[in-house]
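A quick write-up on the structure given underneath.
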Amino acid sequence: MAAKRGVRIKIILTKISDVAIAKAAERFFYPWLLRNNIEIYEYRKKVLHGKMATYDRQWVTVGSYNFNNISTYASVELNLDVLSQPFANQVDKEFEEIIERDCDPITAESFMKETSFLDTFIHRLAYESVRLIFFFSHFISKRKRHKAIRYLLFAL
């Protein structure tokens with residue numbers, strides 16, 4: 001993992017969510033992220049859906065694509081990649097300003113202090129529920145595709 005090799009990784013996540021179960025499921029991963037030296041910042045101004053990342057001050061990706069089967073097979077999602085050192089430097093600078101001005105840092109200590117046993121249980125339950133929802137939605141979408149292909153082949 002890059003963080004264990006000394007790469008500094010910072011992620012900005014939304015503090016406010018319009019889907020409570022998704023936020024609780026996300027928080028299930030906070031302890032793992034923090035244990036692996038990944039810095040977490042929660043953006044406190046509004047709901048975030050878009051994704052943006054910089055790599056090595058060379059490359060920027062921006063878009064809405066999620067790494068799950070719904071984005072892959074069912075949603076219309078798009079990312080744009082830009083290979084430009086000046087642009088990547090500008091984005092990094094803006095990220096740092098956003099972190100400083102609009103985010104709350106989440107540390108292992110603060111997360112443990114604010115998270116009860118019940119919260120931990122709810123985070124795990126939310127994660128498992130979302131995982132099952134993704135699994136069944138992928139299964140259903142695959143099934144619909146296979147039916148459509150069988151119908152198309154039959155029609156030919």
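The values are calculated or read from the model by the stated rules, or taken from the named source; none is laboratory data. This structure is a prediction, so every number in the text was calculated from the model and none was measured. Virtual Cβ from ideal backbone geometry, glycine too; neighbours counted across all protein chains shown.
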- line: Within region 99-109, the residues that are part of a helix (DSSP H, G or I) and either of a type in the set (Asp, Glu) or modelled with pLDDT under 95 (or both) are GLU100, ASP102, GLU109
query: Which residues, counting only those in region 11-24, are of a type in the set (Gly, Ala, Ser) and under 11 Å from the mean Cα position of the chain (by Cα)?
result: ALA22
task: Looking at (1) assigned to a helix (DSSP H, G or I); (2) at pLDDT below 95; (3) in contact with a helix residue (DSSP H, G or I) (Cβ under 8 Å, 6 or more places away or on another chain), find the lone condition where PRO31 falls short.
output: (2)
message: I need the full set of residues from region 1-52 which are of a type in the set (Phe, Trp, Tyr) and more than 24 Å from PHE117 (Cβ to Cβ), in order please.
response: TYR41, TYR43
task: Residues being under 21 Å from ASP102 (Cα atoms) and among the β-branched types (Val, Ile, Thr): count how many of those fall in region 20-39.
output: 1
message: So, in region 110-128, how many residues would count as being part of a helix (DSSP H, G or I) and surrounded by 14 or more Cβ atoms within 10 Å (Cβ to Cβ)?
response: 8
